[in-house]
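Since the structure comes first, as structure tokens, the remarks are kept for the end.
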């Protein structure tokens with residue numbers, strides 16, 4: 001009899017130290033160990049990942065899935081095929097799972113079955129869970145491979161992950177197909193994961209991320225010129241007009257002040273302001289990316 005309710009899929013390549021930290025955190029879950037499994041989707045790592053995984057023992061069942069094909073997407077697809085659970089939770093190998101993560105994802109699916117569940121990612125050193133982690137709707141990802149769960153049936157029905165695609169499009173691509181198949185998103189703040197930070201994020205980092213996301217959004221729309229894609233990415237005339245009106249310069253000093261403040265209770269305020277600045281950068285970058293394109 002199969003008691004597994006949830007299959008956790010972790011795609012990895014040459015990141016054994018971070019992977020071990022995640023696997024250990026998954027061993028400390030409140031959810032009974034016999035109800036979940038972890039599939040390590042190994043995309044032909046050249047470090048000690050394979051030997052490490054083969055020699056690890058945890059309370060939960062763990063499968064080492066070495067992809068027959070190249071790439072992280074291929075590794076995820078193979079893990080999806082081998083998964084025993086009806087629900088799949090996708091995590092990246094650089095995260096740390098709090099003890100409540102798995103049961104929170106599973107409960108969210110029980111409450112509203114026909115949903116994709118997505119949780120926030122917060123810095124490991126933060127003292128409080130941010131109240132405003134969700135990005136603005138105009139650039140919100142429907143599905144991420146960092147902390148999202150869905151039914152195995154849904155992933156298989158839409159054809160799994162596209163393997164011959166730009167890695168920056170992988171979230172949007174499978175998310176778009178899930179949307180087209182009438183799956184809706186449920187954002188669950190309690191289903192958070194931690195991501196260790198090696199350094200404080202700067203305004204330049206925000207700008208680089210915004211430029212990358214703008215390029216990804218335009219490339220995704222070029223591949224799927226659908227009104228729903230234009231809406232979720234902000235690729236429409238009103239969004240571009242707003243970019244010309246939004247400056248955001250006046251709040252830089254506030255961000256600098258908050259960065260010098262270590263109090264956990266102001267973290268959510270800083271998050272809100274950073275999202276405002278990020279949106280300013282994103283709209284500008286999107287306008288630039290769209291120049292000369294006949295959309």
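General remarks:
- Residue satisfying all of: in the stretch 14-31; free of Cβ contacts under 8 Å to residues at least 60 places away in the same chain and touching a helix residue (DSSP H, G or I) at 6+ places or on another chain (Cβ under 9 Å); surrounded by the most Cβ atoms within 10 Å (Cβ to Cβ) among these: 23
- Evaluation of residue 198 against (1) modelled with pLDDT under 75; (2) surrounded by fewer than 18 Cβ atoms within 10 Å (Cβ to Cβ); (3) under 17 Å from the mean Cα position of the chain (by Cα) (one fails), failing number: (3)
- Residue satisfying all of: in the stretch 115-132; modelled with pLDDT of 80 or more and not in a strand (DSSP E or B); farthest from residue 176 (Cα to Cα) among these: 120
- Flag for residue 169 being in a helix (DSSP H, G or I) and modelled with pLDDT of 90 or more: no
- Qualifying residue in the stretch 38-52 (condition: closer than 17 Å to residue 104 by Cβ and in the same structural domain as residue 78 (by TED's automatic domain parsing)): yes
- Only one entry of 25, 7 meets the criterion of being touching a strand residue (DSSP E or B) at 6+ places or on another chain (Cβ under 8 Å) and farther than 19 Å from residue 65 by Cβ, and that entry is 25.
- Test for residue 93: is it more than 22 Å from the chain's Cα centre (by Cα), over 19 Å from residue 151 (Cα atoms) and surrounded by 14 or more Cβ atoms within 10 Å (Cβ to Cβ): no
The values are calculated or read from the model by the stated rules, or taken from the named source; none is laboratory data. Since this is a predicted model, take the numbers as computed values, not measurements. Quick reminder, even Gly has a Cβ in these numbers, built from the backbone with ideal geometry, and neighbours come from all protein chains shown.
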